[in-house]
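Asker: Before I ask anything, here is the structure I am working with.
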2 protein chains.
Amino acid sequence: MILDSETKAVELPEDHGDELRLWLRLLTCTTLIEGEVRSRLRERFDVTLPRFDLMAQLDKVPDGMTLSDVSKRMMVSNGNVTGLVERLVESGHVDRRTSDTDRRVQVIRLTKLGRAEFRRMAEEHETWISEIFTDLTPKDVRELMRLLAKTKGSAQKAGQKAAKVP
Amino acid sequence: MILDSETKAVELPEDHGDELRLWLRLLTCTTLIEGEVRSRLRERFDVTLPRFDLMAQLDKVPDGMTLSDVSKRMMVSNGNVTGLVERLVESGHVDRRTSDTDRRVQVIRLTKLGRAEFRRMAEEHETWISEIFTDLTPKDVRELMRLLAKTKGSAQKAGQKAAKVP
DNA sequence: AAATAATTCTTTAAGCTTCAAGTAAATTGG
DNA sequence: CCAATTTACTTGAAGCTTAAAGAATTATTT
């Protein structure tokens, strides 16, 4: 804390350049990888990344999940999921029904076709990812996992704090 | 390398689960932070993230840059930049003119208004970012920078290789 | 010089995404 | 039980994004 001549706290512009550079690098990495995955998905399977991501969520559960669940897990808006699911139902990859116990709720799951196609895509997708991270040693991977977990926690905390003081 | 009974190399499904988990965590971090920054930019300044990002590129140069430059730096498509710039010119934040030496080229730069508003936003933005990364020690930041640089290089290499063998 | 190729940017169509407002159903609290 | 609130989802408008095709200009090759 710095005090001026009248012993009053003053705001000096602190240096947050390192964090800013870190954020930009993080963003660059993600954009780069995302673009690579997107273009390969399109070329190899003629599928968009959001469709793939949604199917990936559904592949993890056998009995389907609600639209809200998908929305939270994918970290996108409800309206977004509505449209995405609409198109996946249209193309026969996803099955949708109203919950028996709560008529507000829509339960969606992969169809047989959807699951088969996703599995096929996921296999290649996994090798692409390992290719993309090929220069990292197992130790690098562990360390990165650790630091990103810490980053995630920090970001979540900052988000909650900001939400409480609007 | 695993050889089968006929001494022929066979492809066994290798485990790339760690890299996949790493990618998902990287994506989660970026999505989380991006969402936080997006919502704060909207609430505080009623500006979108893409507009802010474009202005950030232009703020770095005094004499403007071409649309292609912006496109490469932001890692988005040309058409995307065209529309973004269109709206920023419309709102008076960006100035656009045709290059004197090459009539294909559009040179854009921040207007006085655009630069003033960006500087104002950037200052707060920087503190948000430092807040978001607040749990990371300086050592964490350095280490993360290093590992992400390595990741970026690895991803670029993978992308180039894939582009050559289509 | 003329033909060819490469570049810079724009346009279009389709899909993605958010936000805000709206509808319907379930839950809560009197 | 009923009013008020909350939850789950949908809709609509605006903007973002990409990919692909096209137009204009410049650079290269023959």
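Since every read-out is calculated from the coordinates, none of them should be taken as a lab result. Because the structure is a prediction, the values reported are computed rather than measured. Note that each Cβ is placed from the backbone with ideal geometry, even for glycine, and that neighbours are counted across all protein chains shown.
Asker: For an R0 of 51 angstrom, estimate the FRET efficiency from the Cβ-Cβ distance between A:Arg97 and A:Thr31 and round to the nearest 0.05.
Answerer: The pair A:Arg97/A:Thr31 has a calculated efficiency of 0.90.
Asker: Now, a different point. Determine ³J(HN,Hα), in whole Hz, for all residues of segment A:140-148 in sequence, where each value follows from phi through the Karplus function 6.51 cos²θ - 1.76 cosθ + 1.60 and θ = phi - 60°; x replaces Gly and Pro.
Answerer: Each residue of segment A:140-148 in turn: 4, 4, 4, 5, 5, 4, 4, 5, 6 Hz.
Asker: How about segment A:68-166: which chymotrypsin sites (Phe, Trp or Tyr not before Pro) there lie in a loop by DSSP and see at most 13 other Cβ atoms within 10 Å?
Answerer: For chymotrypsin sites (Phe, Trp or Tyr not before Pro) across segment A:68-166 that sit outside H, G, I, E and B with at most 13 neighbouring Cβ atoms in 10 Å, the list is empty.
Asker: Lysine pairs in segment A:96-164 8 or more apart or on different chains: how many have alpha carbons under 22 angstrom apart?
Answerer: 6
Asker: Oh, and also: Want the number for B:Val105 to B:Arg42: 0.36 nm per residue separation, take away the alpha-carbon distance, what's left?
Answerer: 19.5 nm
Asker: Of A:Asp53, A:Asp69, A:Asp140, which has the largest mean-square fluctuation in a 10 Å C-alpha GNM of chain A?
Answerer: Residue with maximal mean-square fluctuation among A:Asp53, A:Asp69, A:Asp140: A:Asp140.
Asker: Gaussian network model of chain B, Cα springs within a sub-10 Å range: biggest mean-square fluctuation belongs to which of B:Leu110, B:Leu41, B:Leu32?
Answerer: B:Leu32
Asker: Taking amide H positions as placed 1.01 Å from N in the peptide plane, with prolines and chain starts having none, which residues 5 or more places from B:Val94, or on another chain, fall under 5 Å of its amide H?
Answerer: B:Val89, B:Thr111
Asker: Moving to a separate point now. Expressed as a whole number of Å, what is the distance separating the alpha-carbon centroids of segment A:87-120 and segment B:52-112?
Answerer: Using only Cα atoms, the two centres lie 43 Å from each other.
Asker: Helix-derived [θ] at 222 nm for chain B: sum -39500 (n - 2.57) over DSSP H runs of at least 4, divide by residue count, nearest 500?
Answerer: -22500 deg cm²/dmol
Asker: Work out the charge dipole of the protein assembly as shown with +1 on the Cβ of Lys and Arg and -1 on the Cβ of Asp and Glu about the Cα centre, then indicate which of B:Ala56, A:Val47, A:Gly83 is farthest towards its positive end.
Answerer: Looking along the dipole axis, the top candidate is A:Gly83.
Asker: Still on this structure, I have one more. Between A:Asp63 and B:Arg142, with labels modelled 7 Å along Cα→Cβ, what's the label distance in nm to one decimal, could you check?
Answerer: With each label point 7 Å from Cα toward Cβ, the separation is 5.2 nm.
Asker: When Cβ neighbours within 10 Å are restricted to other protein chains, what is their mean count per residue of peptide B:68-80?
Answerer: 1
Asker: Using a 10 angstrom cutoff on alpha carbons, build the Gaussian network for chain B and name the most mobile of B:Gly153, B:Gly92, B:Gly64.
Answerer: Highest fluctuation among the options: B:Gly153.
Asker: If I take R0 = 30 Å and measure r between the Cβ atoms of B:Asp15 and A:Ala162 in this structure, what FRET efficiency does the formula 1/(1 + (r/R0)^6) give, to the nearest 0.05?
Answerer: The calculated FRET efficiency here is 0.15.
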